[in-house]
Amino acid sequence: MIRFREVGAFTAVGTSATAVNLSTVAALVPLGVPPLVANVIGFLVAFAGSFVAHARWTFPAEGRNVGVALQRFAVVSLLGFAFTEAAYAGALEWTLVDYRLSLFLVILTLGALKLLASKHWAFARH
């Protein structure tokens, strides 16, 4: 069962990671970096801080194998990123919505699935 505190912490960490990702994309695109490439870079920057924050604050656990949690969170994040990138590419191709708003909406939509996978698998006690 997901606790209210976990939803709040996950949202705060996810919002921060999203802000890092969006800021990175917004900074790189005007420099000539294509939006999808900028999003890869933004994802990598946001991933590191997100893992540390989730492991210590959102889903803290004594005696957890950090290496296993990192590997599992990487899987969750990479799958989430793959779905995000595919949906983002579709939004860029098939809509007239600004690239920043498109990315924000895609990340927001897929966040609930990441919460469930993170809580019940990536950061589960092993």
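For the chain, a simple Cβ point-charge model (Lys and Arg +1, Asp and Glu -1, everything else neutral) yields a dipole of about 520 debye relative to the Cα centre. Shape analysis of the stretch 69-112 places it in the prolate category; the axes a ≥ b ≥ c from the Cα gyration tensor give an a/c of at least 1.5, with a/b above b/c. The calculated FRET efficiency for SER16 paired with LEU105, based on their beta-carbon distance and R0 = 22 Å, is about 0.80.
Using a probe of 1.4 angstrom and keeping all protein chains present, the accessible surface of the chain works out to 58 square angstrom per residue.
Count Lys and Arg as plus one, Asp and Glu as minus one, and take only other residues whose Cβ is under 15 Å from that of GLU62; the net charge is then +3.
When the solvent-accessible area of the chain is split by element, carbon and sulfur atoms take up 72 percent of it, the probe being 1.4 Å.
If R0 equals 35 Å, the separation of the Cβ atoms of ILE2 and VAL33 corresponds to a calculated FRET efficiency of about 0.45. Modelled label positions at ALA124 and LEU78, each set 7 Å beyond Cα in the direction of Cβ, lie 2.0 nm from each other.
The values are calculated or read from the model by the stated rules, or taken from the named source; none is laboratory data. Keep in mind it's a predicted model, so treat the numbers as computed, not measured. FYI the Cβ positions are ideal-geometry reconstructions off the backbone, even for glycines, and counts take in every protein chain you see. All accessible areas refer to the heavy atoms of the entire protein, side chains included, with ligands and DNA or RNA removed. Shrake-Rupley method; radii C 1.70, N 1.55, O 1.52, S 1.80 Å.
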